[in-house]
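Take a look at the structure below.
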Amino acid sequence: MMTLIISVFVGLLSALLINYLADILPIKRRIAKPICDACHATVKLGDYLLFFKPCPNCGLRRNRRWLILPVFFPILFLLLAHFDLYRFESGIFDWILISYLSLIVVIDLEYKVILNEVALAGIVICGVAGVLLHGSIITLIGGVSGFLIMLVLYYLGRVFVKVVNKIRGSSITEDDALGFGDVNLSGLLGLLLGWQGIFAGLFFGILVGGLVSGFYLVCQLLRKRYTAYHALPYAPFLIIGALLLLYLPN
């Protein structure tokens, strides 16, 4: 019963924090008073916490993630506790790590950006997690390896965009390839997984990304809404690959 209560409480707290940061950071780039995610007007704390109420300024309702995350995270943390999948003592750092990576996923899905401010916090969070799991040397080498691997892919993507633009005269922008935020994220995941795990983590991430992209392509073709070179946020796939490697039982 205590595990149930703690998991639900921490899950709700994580959902609230992620929703608040996902609302405020892409707009303000700092911790600030709550704002409406639609009109960006400042909202009183009481009105903000009552997320089911429309915004008093624009009348629009809150982003759907305010309904999804408070359900998702308590269930996720309950499953981790039930199957004893926590990697850190007492599970506290697992909550911090998963909540942090989830924040990156939410912001990237909505804004297609990995904020530098969020990435800087990840150096501490993923760095500490890596040291606890693997030691300092493996963590440091993993961070450098992850950064350099994705840096190479980033520049290959830029070359691909330029070649396609030249051959087809298309209007693909560099944003349609990997963004530099993905390079920073790969470095953070390298800190987390260590040099022994970052290669497998990136492989799983690319594999998941390929499967999802293929499914999305088929759906768009069936709906006759296909457009060439439509960019999908890649951070969620990289993070899913890393978390699968970290938390799935051996």
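When ranked by the protection proxy of mean other Cβ atoms within 10 Å per residue, highest first, what sequence do the peptides 193-205, 64-76 form?
Values: 193-205: 20.6, 64-76: 16.7.
By packing density, highest mean first, the sequence is 193-205, 64-76.
Between N57 and Y216, what FRET efficiency comes out of the Förster formula 1/(1 + (r/R0)^6) with R0 = 25 Å and r the beta carbon distance, rounded to 0.05? Before the final figure, lay out the partial values.
Details: r = 35 Å, r/R0 = 1.39.
Here the calculated transfer efficiency is 0.10.
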Summed over the other residues with a beta carbon less than 13 angstrom from that of C55, with K and R at +1 and D and E at -1, the charge totals +1
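Please report the relative contact order for the range 56-189, taking Cα pairs under 8 Å with a sequence separation of at least 6, and give it as a percent rounded to a whole number. Could the numbers behind the result be given before it?
Details: 80 pairs, mean separation 31.8, N = 134.
Normalised by residue count, the contact order of the range 56-189 is 24 percent.
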Be a star and scan the range 78-100 for residues whose amide nitrogen sits under 14 Å from the point 7 Å along the Cα-to-Cβ vector of F9. 92
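Which net charge results when you count Lys and Arg as +1 and Asp and Glu as -1 among the other residues whose beta-carbon is under 14 Å from that of M150? Could you put the intermediate results ahead of the total?
Details: positive: R158; negative: D182.
Residues close to M150 contribute a combined charge of 0.
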Around L248 (Cβ within 15 Å, Cβ-to-Cβ, excluding L248; K/R +1, D/E -1) the net charge comes to -1
Quick one: compute the contact order of the chain, relative version, from alpha carbon pairs under 8 angstrom and 6+ residues apart, as a percent. 18
Could you name the lysines in cross-link range of K53, using Cα to Cα under 17 Å and dropping any fewer than eight places away on the same chain? K44
For the range 90-158, what does the alpha-carbon gyration tensor say about shape, rounded, prolate or oblate, given a ≥ b ≥ c as the root eigenvalues, a/c under 1.5 as rounded, and a/b over b/c as prolate? oblate
Can you pull out the cysteines in the chain that have no other Cys Cβ under 4.7 Å? C126, C219
Over the C-alpha atoms of the range 35-189, what are the Rg and the largest Cα-to-Cα span, Dmax, in Å? 19.8, 56
Can you find, among L115, L132, G205, the residue farthest towards the positive end of the dipole of the range 115-250? Put +1 on the C-beta of Lys and Arg, -1 on that of Asp and Glu. G205
Quick one: dipole size for the chain, taken about the Cα centre, charges +1 on Lys/Arg Cβ and -1 on Asp/Glu Cβ, in debye to the nearest 20. 880
Less than 25 Å apart at the alpha-carbon level, and either on another chain or at least 8 residues along: which lysines does that give for K162? K112
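Laboratory data are not the source of any read-out in this text; all were calculated from the coordinates shown. As the structure is a computational prediction, the values presented were derived from the model and not from experiment. Ideal geometry is used to build each Cβ from the backbone, glycine not excepted, and the neighbour counts take in all protein chains shown.
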